[in-house]
Amino acid sequence: MFSSILGTDDYLHLSYDPDLALLAVRWQRDVSFAEVQEGMRAAREMSYSHGASRWLIDVRCRAQLDAAVSGWVVTTLLPAVANELAPAMLCVAYLFAPDHIAVLQQNPAMRAATVTAQTHPAYKLQLFQDEKEAISWMAS
């Protein structure tokens, strides 16, 4: 199943795979904070309509990563989604391009957001460069 919301087609593709019970959130370009919020609102709605507690968030097409946006996602958005999906555990696999990994390791604010995300008690989150590995992790 493929879906998008009006006005987001140029920057976001959402899809749900019923066989894997997986919501895929695929960013198509760099986005503003307002676009992230709108896109994640749409992802949240699709997640609830399918009961999807597995999210694959693909940011490989984005050239820039923003620590403030990442902080909002990991400390505000994902805990709220996890709370609403309980008792199911929200599992989030982030797909990054190789250049992104260096930013996550070298930028102190991005490193802090990553540590927060990977240790947050409300959800499980891991970083990947390979989609098959990400899907395998969520299925385990």
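The values are calculated or read from the model by the stated rules, or taken from the named source; none is laboratory data. Since the model is a prediction, treat every value here as computed from it, not as a measurement. Cβ placement follows ideal geometry from the backbone for every residue including glycine, while neighbour counts extend to all protein chains displayed.
Yes/no per residue for (1) over 22 Å from A112 (Cα atoms); (2) touching a Leu at 6+ places or on another chain (Cβ under 8 Å); (3) at pLDDT below 95:
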{"residue": "F2", "(1), (2), (3)": "yes, yes, yes"}
{"residue": "A21", "(1), (2), (3)": "yes, no, yes"}
{"residue": "A24", "(1), (2), (3)": "yes, yes, no"}
{"residue": "D58", "(1), (2), (3)": "no, yes, no"}
{"residue": "A63", "(1), (2), (3)": "no, no, yes"}
{"residue": "P79", "(1), (2), (3)": "no, no, no"}
{"residue": "L85", "(1), (2), (3)": "yes, no, yes"}
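Highlighted here are the helices (runs of 4 or more DSSP H) found entirely within the range 22-140 that include at least 1 residues which are closer than 27 Å to D10 by Cα, in contact with a helix residue (DSSP H, G or I) (Cβ under 7 Å, 6 or more places away or on another chain) and not basic (K, R): 33-50, 67-72, 78-85, 98-106, 108-119. Only residues that are over 16 Å from R41 (Cβ atoms) and hydroxyl-bearing (S, T, Y) were counted in the range 72-111, giving 2.
Beta carbons closer than 9 Å, at least 6 apart along the sequence or on distinct chains, pair a first residue in the range 82-98 that is more than 13 Å from R54 (Cα to Cα) and without any contact (Cβ under 8 Å) to a residue 40 or more places away in the chain with a second that is assigned to a loop (DSSP other than H, G, I, E, B) and among the basic types (K, R) for L95/R60; F96/R60; A97/R60; A97/R62.
Taking the range 8-27 only, how many residues are free of Cβ contacts under 8 Å to residues at least 60 places away in the same chain, of a type outside the set (S, T, Y) and either on the phi > 0 side of the Ramachandran plot or surrounded by 16 or more Cβ atoms within 10 Å (Cβ to Cβ) (or both)? Show your work before the answer.
Taking the range 8-27 as the starting set, the residues that turn out to be free of Cβ contacts under 8 Å to residues at least 60 places away in the same chain are 8-19, 21, 23-27.
Now narrow it down to the ones that are of a type outside the set (S, T, Y): 9-10, 12-14, 17-19, 21, 23-27.
Narrowing the set further to residues that are either on the phi > 0 side of the Ramachandran plot or surrounded by 16 or more Cβ atoms within 10 Å (Cβ to Cβ) (or both) leaves 12-14, 21, 23-27.
Residues flagged as free of Cβ contacts under 8 Å to residues at least 60 places away in the same chain, of a type outside the set (S, T, Y) and either on the phi > 0 side of the Ramachandran plot or surrounded by 16 or more Cβ atoms within 10 Å (Cβ to Cβ) (or both) within the range 8-27 amount to 9.
Conditions: (1) surrounded by 14 or more Cβ atoms within 10 Å (Cβ to Cβ); (2) farther than 19 Å from W27 by Cβ; (3) of a type in the set (F, W, Y). Y48 meets all but one. Number of the miss? In the conditions (1) surrounded by 14 or more Cβ atoms within 10 Å (Cβ to Cβ); (2) farther than 19 Å from W27 by Cβ; (3) of a type in the set (F, W, Y), Y48 misses (1) alone. Is it the case that the range 36-45 has a residue that's closer than 24 Å to A21 by Cβ, touching a strand residue (DSSP E or B) at 6+ places or on another chain (Cβ under 8 Å) and touching a residue at least 40 places away in the same chain (Cβ under 8 Å)? No, the range 36-45 contains no residue that is closer than 24 Å to A21 by Cβ, touching a strand residue (DSSP E or B) at 6+ places or on another chain (Cβ under 8 Å) and touching a residue at least 40 places away in the same chain (Cβ under 8 Å).
Total residues in the range 11-21 satisfying the condition of being of a type in the set (S, T, Y) and outside any strand (DSSP E or B): the figure is 1.
Only residues that are out of contact with any Asp or Glu (no Cβ under 9 Å at 6 or more places or on another chain) and loosely packed, with under 14 Cβ neighbours inside 10 Å were counted across the range 33-45, and they come to 3.
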